[in-house]
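Data first, discussion second: the structure below is written as structure tokens.
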Amino acid sequence: MSSNEEAKAPALSDAKDLHKTSSTGETAIKFDHVTKTYNLYKNDRGRFLGIFNYKRKGVFLGSVNANDDLSFEIKKGEAVAFLGHNGAGKSTALKMITGVAHPTSGKIEVNGRVSALLELQAGFDMQLTGRENIGLRGQILGLSKQEIAEIEPEIIEFAELGLYIDQPMRSYSSGMKARLGFAFAVAIDPEILVVDEALSVGDKAFQRKCIDRIREIMMDENVTVLFVTHSSSTAQQFCSRGIVLDEGKKVFDGSIEDATVFYEENYA
Amino acid sequence: MLKTLGTILKDNWEWRGRIANLSLFELRKKSRGAVLSWAWFFIKPALYIFCFWFALEIGLRAGESTDGPPYILWLCAGLIPWFFMSDMINQGCDVLHRYSYLVNKVKFPISGISGIFTGATMIVQVFLQLALLVIYFACGQQLDIYLLQVPILLLLMFVFWDMFSIMLSQLSAISKDVANLMKAFGTPIFWLSGVIFNVNNIPIPWLHTLLQFNPVTFFVVAFRSAFYDKAWFWEDQGALLGFAVVFVLTLVVMLLVYKKFNEEVADVL
């Protein structure tokens with residue numbers, strides 16, 4: 001593409017337009033009739049008995065389908081927003097994309113390294129320092145020592161932690177923890193970036209920095225971005241396609257403009 | 001079931017580098033916040049050994065009648081492997097709560113999480129075994145072929161207790177009862193398994209047979225045969241058979257548990 005060359009240079013605000021046109025035919029994520037069922041029990045004892053298929057009335061409260069026969073396909077390079085109110089099954093779907101949870105039935109296909117901005121502060125060890133936590137997380141994700149050494153200064157600079165980077169994380173403020181989490185997630189050059197309401201980190205200036213960084217990642221046309229939000233305006237800022245979920249079912253799938261209109265009309 | 005075994009072996013093999021690194025992190029984490037950091041891994045065992053030696057040899061005069069190597073060597077050869085097994089029984093059965101973020105925040109094989117803890121405990125154990133070797137030479141013993149059993153036994157101990165941890169930690173994630181049960185059993189197992197007495201001296205035959213099915217007894221006796229009795233651990237065929245039965249049983253139960261729960265634990269933690 002000849003337009004690609006000149007598109008690299010311009011302002012980050014063009015990221016969305018650039019991204020939209022560049023999706024290739026390859027599948028990044030595919031959900032094939034995926035259902036995720038949670039069994040709910042009155043207490044832990046009930047859950048334990050449930051192991052043995054013992055479902056007495058009053059102890060077993062019922063099942064909830066967090067995702068119900070959900071099917072969609074996302075191509076490599078697409079930027080997709082998941083819209084839906086609380087409990088619509090967005091986070092469950094994202095958890096299954098990251099490979100943490102498994103579907104009760106149906107099939108999920110994910111191609112590429114996933115970096116998730118889910119619950120940014122989770123997974124840090126409070127006894128270790130910020131720097132050690134970067135190493136720890138890097139190792140969990142399977143980065144080599146050299147790769148970790150390369151991204152470490154980037155992360156430290158982005159998170160604006162200064163001297164605190166060598167202090168135990170228990171002494172960090174909640175904002176500092178979140179900034180470090182965000183900095184790590186965006187530093188590892190993901191192929192699939194999952195953003196779950198993560199942009200409310202830190203002060204206004206830092207938020208702007210985060211948004212810029214996500215835009216920068218999206219400039220790479222091969223990165224697939226999944227965006228989970230309640231707010232239509234942020235979705236429109238980044239994404240070209242919208243999927244609306246309600247009670248675990250897909251109720252709308254189309255361009256972001258139509259999706260936000262549909263969402264506002266029915267759920268807002 | 002073979003497929004489940006294949007999955008577990010494959011996961012552990014593919015993630016071996018990360019499991020090993022996280023084991024080191026676990027130790028670093030444990031030693032954090034104390035001036036004597038690393039020394040604490042050894043101070044506690046040393047105190048234990050001293051107390052038992054004092055109570056048994058000085059107080060109860062248990063070691064007096066024996067000829068041959070000093071009593072302290074016999075005691076250490078049993079207590080040191082016990083330290084590993086004690087950690088595995090008390091904490092190893094509940095590793096998923098310990099590393100819950102590896103279960104429900106990042107993708108990590110469930111069976112590998114047990115490997116992290118077993119690995120970390122084993123690193124400490126290897127250093128304690130080296131200390132045991134120093135005691136061995138200090139007691140005037142010679143280097144001989146029976147010591148070759150030690151690495152084999154350490155490997156066997158690693159595999160068996162790793163399986164034990166995979167089996168129980170998933171059940172323990174679903175119900176706290178498992179962890180509480182194992183904590184309650186920790187001390188009784190110590191007193192009943194022959195860590196500080198010689199099981200071969202028990203005059204009741206059925207009790208002797210029963211203890212052959214106790215893995216703790218098996219390892220304690222096996223390490224003593226390497227360091228003290230100068231025998232091969234497989235010579236006692238009753239004990240070997242008993243352990244083999246327990247080993248296979250643990251393997252089968254572990255596979256059944258893993259198959260049923262490995263996808264479910266992330267939902268309940």
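A short reminder: the numbers here are calculations on the coordinates, not readings from a lab. None of the values given here were measured: they were computed from a predicted structure. Here Cβ is always computed from backbone atoms with ideal geometry, including for glycine, and neighbour counts include all displayed protein chains.
Side notes on the structure shown:
- Karplus-derived 3J(HN,Hα) values for region A:25-35, using 6.51 cos²θ - 1.76 cosθ + 1.60 with θ = phi - 60°, are x, 6, 7, 9, 9, 9, 9, 10, 6, 8, 10 Hz; glycine and proline are entered as x.
- Helix B:71-90 and the long axis of chain B differ in direction by around 10°, with both axes built from C-alpha atoms.
- Note on the protein assembly as shown: the alpha carbon radius of gyration divided by the globular reference 2.2 N^0.38 Å gives 1.17.
- Region A:164-189-region A:36-113 distance, computed between alpha-carbon centres (Å): 29
- Using a Förster distance of 25 Å, the FRET efficiency for B:VAL253-B:LEU207 (Cβ separation, nearest 0.05): 0.50
- Taking θ as phi - 60° and the Karplus parameters 6.51, -1.76 and 1.60, the scalar couplings of region B:45-54 work out to x, 4, 5, 4, 4, 4, 4, 5, 4, 5 Hz in sequence order, x denoting glycine and proline.
- Extended-chain gain in nm, criterion 0.36 nm per residue less alpha-carbon gap, A:VAL59 and A:GLU157: 30.1 nm
- Under a 5 Å amide H cut-off, with hydrogens placed 1.01 Å from N, A:LYS249 pairs with A:ASP68 among residues at least 5 apart or on other chains.
- A Förster radius of 41 Å, combined with the Cβ-Cβ distance separating B:LEU36 from B:LEU148, puts the computed FRET efficiency at roughly 0.75.
- Over chain B, the pair-distance histogram of Cα-Cα distances with 5 Å bins from zero comes to 1, 5, 12, 16, 18, 16, 13, 9, 5, 3, 1, 0 percent, rounded to whole numbers.
- Mean partner shielding of peptide B:100-110, defined as the number of other chain Cβ atoms within 10 Å of each residue Cβ, is 5.
- In nm, spacing of pseudo-spin labels at B:PHE185 and A:SER231 (7 Å Cα→C-beta vector): 5.3
- Theoretical FRET efficiency, 1/(1+(r/R0)^6), r = Cβ-Cβ of B:LYS107 and B:LEU9, R0 22 Å, to 0.05: 0.75
- Karplus-derived 3J(HN,Hα) values for region B:131-146, using 6.51 cos²θ - 1.76 cosθ + 1.60 with θ = phi - 60°, are 4, 4, 5, 4, 4, 4, 6, 5, 7, x, 8, 9, 5, 9, 5, 5 Hz; glycine and proline are entered as x.
- Close amide H partners of B:TRP15, meaning residues 5 or more places away or on another chain with modelled amide H under 5 Å apart, do not exist here.
- Relative to one another, the C-alpha centroids of region B:1-40 and region B:67-141 are positioned 13 Å apart.
- Counting Cβ atoms of other protein chains within 10 Å of each residue's Cβ and taking the mean over peptide B:34-44 gives 0.
- Cα-projected label distance for B:TRP232 with A:SER144, points at 7 Å along beta-carbon direction, nm: 4.5
- Annotated for region B:2-268: lysine pairs at least 8 residues apart or interchain, Cα distance under 15 Å, count 4.
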